[in-house]
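**Q** Right, I'll just put the structure down here and ask away after.
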Amino acid sequence: MIFDIDNETRPREDLKALQLRRLQHLVARCYETVKFYREAMDELEVKPHHIKTLADVKLLPFTKKEQLRDNYPYGMFAVPPDQVIRLQASSGTSGKPVVIGHTRRDIANWGEMAARCLAASGLHPGDRLHNAYGYGLFTGGPGLNGGAETLGMTVVPVSSGQTQRQVMLLNDLEPTAISCTPSYALNICEEAEKLNIDIRKLPLRVGIFGAEPWTEEMRYELESRMGIDALDIYGLTELQGPGVAIECLVGKKGLHVWEDHFIVECVDVDTGEPLPPGERGELVFTTLTREAFPLLRFRTRDLSMLDDKPCKCGRTHVKVHRMTGRSDDMLIIRGVNVFPTQVEAILMRTETLSPFYQLEVFREGHLDTLRVNVEASPPLYAKGQEFMDRTAAKVKKDLKDFIGIGIEVKIHPTGAVERSMGKAVRVIDHRKEKK
Ligand code: DLL
């Protein structure tokens with residue numbers, strides 16, 4: 001189902017004309033109302049009237065997360081306080097979060113974009129969503145909630161945590177869709193198995209998973225354990241929250257970005273130069289319709305690539321590939337770049353392991369070393385240490401072949417790796433503890 005057929009299938013030429021009109025309006029508004037943007041544009045000697053074509057977006061300054069923090073809490077707002085009907089905040093683990101505001105129209109647009117996402121996942125009015133993303137300042141819960149209500153679904157606003165209760169509600173309320181982080185979905189699967197409930201036999205058909213990087217291998221794991229289609233949804237607090245982009249059920253390959261609301265660029269991480277489709281770089285977004293908290297060329301640090309090939313689903317909006325991870329989560333181990341998702345891919349291909357893992361980075365002398373902590377599946381554990389050692393050696397070899405460096409592999413009994421309630425913590429970096 002397509003929620004907003006006119007906008008989602010708009011011919012590309014029309015879409016680009018709409019983007020240009022909206023961009024010109026946005027730049028003028030940012031220049032007039034947000035001191036930060038006026039100063040940043042003056043410094044680059046760019047005025048709103050310089051934006052004549054869509055390509056001129058690259059004349060505009062980048063906006064970085066640190067700059068949003070510097071303007072905490074309200075410095076980047078473009079409307080007076082009486083027009084802001086909701087605040088949300090990023091999950092900043094250290095220091096101040098980024099607070100963003102929504103006008104009534106921002107909330108309505110967000111609801112429509114999230115509704116498009118749910119429809120693209122094969123959901124309809126009357127479907128029932130078990131929404132296990134956290135509610136609160138985090139945008140996951142409220143974002144999917146708004147989308148489900150806009151589409152006309154029934155939403156079960158269960159939020160995250162109390163996992164046994166989640167399983168009971170999945171069993172009793174018979175939702176047809178679930179939304180949560182992929183790592184939390186695994187936690188739910190495990191809890192269901194303990195309670196002897198076979199999720200595959202429930203009416204659940206679709207999983208809307210995002211908020212953290214995950215792999216095709218994890219998709220396979222979740223689809224087979226839950227008997228669902230698992231789709232990748234993307235978004236960031238700064239841009240609104242979930243619903244910036246989603247995979248469509250038809251393709252399950254690449255996430256459509258709602259281009260009537262955002263301009264997406266992929267740029268070289270070091271030079272900031274825009275890259276053509278097919279080249280990996282950092283995603284950069286300009287918000288075309290946000291009223292309270294507009295952003296020019298926001299550097300997400302998320303690594304992906306653009307895919308402008310037409311999609312079978314009929315949507316004309318450009319796609320981005322599944323994220324590899326964030327540039328700041330990339331580990332550099334003895335000169336080799338390592339993403340947790342690369343390790344995940346290998347672990348998930350090893351059937352005798354459980355899908356729970358965490359990486360630890362150490363510094364020994366001048367050398368950085370990486371250890372993977374992963375759990376044995378109950379049958380492997382039952383076979384004993386010798387079998388676990390053999391599996392560890394095999395995984396170590398696979399990691400070396402795939403990534404190119406030696407990584408220590410430690411296989412633990414079931415339950416040893418911390419379970420996630422939201423975004424999984426994939427890396428513990430002991431290098432930062434020293435000194
Ligand atoms: O995680 C919003 C969200 C909620 C997205 C629910 C999808 C579902 P933040 O807490 O601000 O917002 O974190 C944003 O999470 O920059 C990415 O690094 C990461 N992220 C979000 N979705 C994906 C995804 C929400 N599908 C940050 N794949 C982003 C990989 C993702 N990373």
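The values are calculated or read from the model by the stated rules, or taken from the named source; none is laboratory data. Just so you know, these numbers come straight off a predicted model, no measurement behind them. Every residue, glycine among them, receives a Cβ derived from its backbone with ideal geometry; neighbour counts consider all protein chains shown.
**Q** If only one of 79, 57 is in contact with a strand residue (DSSP E or B) (Cβ under 9 Å, 6 or more places away or on another chain), in contact (Cβ under 8 Å) with a residue 60 or more places away in the chain and in a helix (DSSP H, G or I), which one is it?
**A** On the way: 79 fails: in a helix (DSSP H, G or I).
So the residue among 79, 57 that is in contact with a strand residue (DSSP E or B) (Cβ under 9 Å, 6 or more places away or on another chain), in contact (Cβ under 8 Å) with a residue 60 or more places away in the chain and in a helix (DSSP H, G or I) is 57.
**Q** Which members of segment 49-83 meet the condition of being farther than 21 Å from residue 300 by Cα and either out of contact with any Lys or Arg (no Cβ under 9 Å at 6 or more places or on another chain) or not assigned by TED's automatic domain parsing to the domain that holds residue 105 (or both)?
**A** Step one: list which residues in segment 49-83 are farther than 21 Å from residue 300 by Cα, which gives 49-53, 79-83.
Of everything in segment 49-83, those that are farther than 21 Å from residue 300 by Cα and either out of contact with any Lys or Arg (no Cβ under 9 Å at 6 or more places or on another chain) or not assigned by TED's automatic domain parsing to the domain that holds residue 105 (or both) turn out to be 49, 50, 51, 52, 53, 79, 80, 81, 82.
**Q** Keeping to segment 308-323, report how many residues are within 15 Å of the ligand (Cβ to nearest atom), among the charged types (D, E, K, R) and surrounded by fewer than 23 Cβ atoms within 10 Å (Cβ to Cβ).
**A** Count: 1.
**Q** Out of all the residues in segment 324-362, which are more than 16 Å from the ligand (Cβ to nearest atom), among the aliphatic types (A, V, I, L, M) and modelled with pLDDT under 95?
**A** Within segment 324-362, 332, 333, 336 meet the criteria.
**Q** Also, I was wondering about something else. For segment 347-359, does any single residue satisfy the condition of being farther than 16 Å from residue 183 by Cβ and among the aromatic types (Phe, Trp, Tyr)?
**A** Scanning segment 347-359, I find no residue that is farther than 16 Å from residue 183 by Cβ and among the aromatic types (Phe, Trp, Tyr), so the answer is no.
**Q** In the list 303, 239, 231, 222, which residue meets the criterion of being of a type in the set (A, V, I, L, M, F, W, C), closer than 28 Å to residue 29 by Cβ and touching a Phe, Trp or Tyr at 6+ places or on another chain (Cβ under 9 Å)?
**A** 239
**Q** Could you tell me which residue of segment 109-145 is farthest from residue 315 (Cα to Cα), considering only residues that are free of Cβ contacts under 8 Å to residues at least 40 places away in the same chain and away from the ligand (no atom under 12 Å from the Cβ)? Reasoning before the result, please.
**A** Within segment 109-145, the subset free of Cβ contacts under 8 Å to residues at least 40 places away in the same chain is 111, 125-126, 135-136, 141, 145.
From what is left, the residues that are away from the ligand (no atom under 12 Å from the Cβ) are 111, 125-126.
Working: 111: 19, 125: 20, 126: 23 Å.
Ranking the qualifying residues of segment 109-145, first place goes to 126.
**Q** Only residues that are acidic (Asp, Glu) and within 30 Å of residue 137 (Cβ to Cβ): list them for segment 188-220, please.
**A** 190, 191, 212
**Q** What strands (runs of 3 or more DSSP E) completely inside segment 169-286 contain at least 3 residues that are away from the ligand (no atom under 12 Å from the Cβ)? Please lay out each step first, then the result.
**A** Details: elements: 177-180, 206-210, 229-236, 241-247, 255-257, 262-267.
Result: 262-267.
**Q** Kindly check whether there is at least one residue in segment 294-306 that is touching a residue at least 12 places away in the same chain (Cβ under 8 Å), basic (Lys, Arg), in a loop (DSSP other than H, G, I, E, B) and crowded, with 22+ Cβ neighbours inside 10 Å.
**A** no
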